Every structure is written in C-alpha cells, then in structure tokens.
1. Below 8 Å between Cα atoms, with a sequence gap of 6+, how large is the relative contact order for segment 49-91 in percent?
2. If I model a spin label as a point 7 Å beyond the Cα along the Cα-Cβ vector, how far apart are those points for Asp308 and Arg431 in nm?
3. Would you mind checking the tilt of helix 374-383 against the longest principal axis of the Cα atoms of the chain, expressed as 0 to 90 degrees and rounded to 10?
4. Given all pairs of different Cα atoms, what value in angstroms does the Kirkwood hydrodynamic radius of the chain take?
5. Using the crude model of +1 on Lys and Arg Cβ and -1 on Asp and Glu Cβ, and no other charge, please compute the dipole size for the chain relative to its Cα centre, in debye to 20.
6. Residues of segment 373-417 with backbone nitrogen within less than 18 Å of a virtual label 7 Å along the Cα-to-Cβ line of Ala100, please, listed as ranges.
7. Suppose a student asked you for the relative contact order of segment 190-300, using Cα pairs under 8 Å spaced at least 6 residues apart; what percent would you report?
8. Just how many pairs of Lys in the chain have C-alpha atoms closer than 16 Å, counting pairs that are eight or more places apart or on different chains?
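Here, each number is a calculation from the coordinates, and none is a lab measurement. Just so you know, these numbers come straight off a predicted model, no measurement behind them. Ideal geometry is used to build each Cβ from the backbone, glycine not excepted, and the neighbour counts take in all protein chains shown.
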Amino acid sequence: MTTFARLPRAAVTAASVLATVATLSAAPTAFADSSAAEQQLSQALPLGDQDLAETRTSQALAKGVTLTKIVRGTEPAAPDQINTTTRGPWVVNVLTIDPAMSKGRLKATYGPDLAKVEKTSDLVRTAGAVAGVNASFFTFTASQLYPGEQVGLGIFDGKLLSEPLTDPAEVNLLIDANSNKVLTGHLRWTGSVVNRNTDVRLPLEFVNHPPVIPAACATLPDQTACTQPGDVVLFTKEFAAATPAGAGVEVVLNRYGCVVRTATTRGTALAPGQTSLQATGKDTVALLAAVANGCLNRDIKLMNQNGDDVPLRSGLYGVTGRYQLTSGGEIVVPDGTGSFFDRNPRTIAGTTQDGKILLATIDGRQTTSVGTTMDETAAVADALGLHDAINLDGGGSTAMALGDGTLVNHPSGAGGAERAVGDAIVFVPER
C-alpha cells in the first residue's frame, strides 16, 4: 500500500504494553484437535478495560490446522470513538498451523502475474488452500499500470521476483515450504550481471520494478545521450504480459543468458524462459557495453541481518511486512505517530517458541471491531504466544479466507468489500 525501504535495525521495546484480565468463554467444538489450539491461545488479549468479556470459538480446518475466533467486548463502539475507546470491541481471527501434525505446505502466492491484484479469497481458492491471509505491501494505487507490484521482498518457490529494500521499517517473512519453518528478520541483497567473455559486471538496481528516467533527461527520446545516472532493472516473465514501455534500452536474453534482441526503446513481451534488462539515463550505455559480444551470468545473492547467505532454492518463499512486532519473545515494535500507528485493521504472521505458525487478522475501523494501534498489535502478538512476529499489510487489505473463498473476517471496505491485493500466504494440503 505504501512505499518504504528497509535496513537492519536494532529492536526497540514498545513504550507501553496493555496488561488486562478478561473473562474467557470458549464454545465447544466438534473437532478433537482444536483443544490444543485453545490451550495455545488461552491468554486473554491485553486490549481495553480489564472487565471486558472475551469469547473464543475454534474449529479444526484440517489435521493440525485450527481457526480460532476471539471477540473481546460486547457493545458496538460509537463511530467517533473508534480510535480512542477502551471498551472495544475487537474481533481477532487466528489460524494456527502445527507443522508436526499438519499435512501440507505453507507458501506465498500471487495472481496471473506480479503486476495484477487479486482478492485474497480468490488467491486462496485458486491455490487449492485450506485457508490464507493477505501478505505483502504493494503499489496499490489503482491509477498505476502495475498495482500489484510488491514493495519489498518477494520470493516465490526459490525465485527472487522482487528485491528487499533498505528502509529500516521493512521486515521480511521467510517460509521454507519443504519443512514448514518460518523465520522473520531483515534481508539484504546484491545483484549484478556479468559478461562471460569480457567479465564486465553491471550492477542491478531493481528486480521487476519500472526504471525511472532521470528528470533532466525526461524529454530525450534517446536515453544514450543522457549524462545522468538512471536505473538498470532485471525483468522476468512473471512480472506482466509485457515489460514496462518507454524511453531507454532493453536487452532480451534467452534461458541461457544470451542476447536475443536489443532495442533502443523499452517494452516487450517475454517468451517462457526469457528475461530482459532495461536501462535508463546514462546506464543505457553501460548496459549496451555489458552485453556486447557475449552472454551474461546473473549474480544475485541474499543475506540475512547477520550477513549469512540465504540460498535461493526450491520451496523458499518470502514476503514483506512493516515493523517487527516481537523478536525472541520480546515486544520490539518502535514508537511512532501518524495514521499508520493509529488503530487500523491488521494482519500478523509469526511463530511460537515451539514452532507453530500463526496467521491472524484483526478487524478495524468499524463499530463492531475498532482495530489496533501498533503497540496494541504487538501486545496481541505477544499474548497469542508469538515468539517472533511481523506486521503484514493491513488496513483495507486485511483479509482471511477459507479454501472455498469464504471470507473469515470482515474487511473495512464499504459494506465489507474485500480489496484486491498483491499476494497472499496460504496453507495448501498434500494431494
């Protein structure tokens, strides 16, 4: 939804964590394995006044996969008090996946291509998933040519399709679908292409992100005449039906990294196995020099916040959130002001200390569920037992859906309308 960048940062303890006691009333279910999830989620939510009633209902969606609905507070909020009331109500839906019991794979998915947006319910249904939630921040603006473009890291089955950024707020969720293990933290990357014959190396600025033409050269139809630095971008077939069009240079490569064609304007359809390199500004000259008389190797590396390599391998997925909520069992969300830190609908992802995976939504901006501030969101994550957790895209994007496309939560759009998003995290059962 909003553009930001990321760098590793030190954890900062939240200024305040609400401590409350609630009355719990868990309704019985017909599923034998839902009791374990109830026990895992037994701590009252630290939201609002201590005397608020809190009810919980659970159902097993599949072996090792449980959905719990938590409602705290009983009276609807006054519309003008949604951001300030201590009486709630709050509606929280929690999807718990126990890798030791479940049979399936947690993964990230997107629609027909990266540039398009799809509703979370459609992404869940199309993936054949048990359930899922919305995931990364994305461009969002409807007037954009590529509204679904991720803002930050995007890894899909071992392919880096969007690079991590450098804003200290960005935090990433890595999913190993082969083991159903999830890690949170900050990733860094380096990317370049190297001519096999000449060893000329050309750094990449972006992956699957439209390059910017330098302002001083905006009217130049021939970007090779520009003297200002531009961008060099790698595009893959997954991005869109065609690469971004405009002034600049584009070189199309086959599956072996060898040049198929070169054009002095940008914009083309890529065949399966093909990639392209686009350049603007004076980087057009550098690109033409780098590809001359040879084939290219890609040199793309991912590192975690400790500087260790993160291999791009089959079954690896990665999405982008904004702010770590808990780390190592401690609340680490920073202080902040402004609308992002006010009460909003939220989507949370993380893991418990014993390896369970939780995906949660908190409805907001409604009299029936007021939403949470960033501090309150971190407190909820902590109360749910999340040892490590991040805040995913929220607001009107917050959605949880079941495999048949049924929405679990109530989005904040008019009439509960669901927003189309860039990607989703889904749990897909074994076939």
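1. Numbers: 59 pairs, mean separation 15.5, N = 43.
Once divided by the residue count of segment 49-91, the mean separation gives 36 percent.
2. Each label point is offset 7 Å from its Cα along the Cβ direction, giving 3.4 nm.
3. Rounded to the nearest ten degrees, it is 60.
4. Working: mean 1/r = 0.0444 Å⁻¹.
It is 22.5 Å.
5. Values: 33 positive and 41 negative charges, 222 e Å.
Magnitude of the dipole: close to 1060 debye.
6. Under 18 Å, as judged by backbone N against the label point of Ala100, lie 385-388 of segment 373-417.
7. Values: 272 pairs, mean separation 39.3, N = 111.
Relative contact order for segment 190-300 comes out at 35 percent.
8. Close lysine pairs under the 16 Å cut-off: 11.
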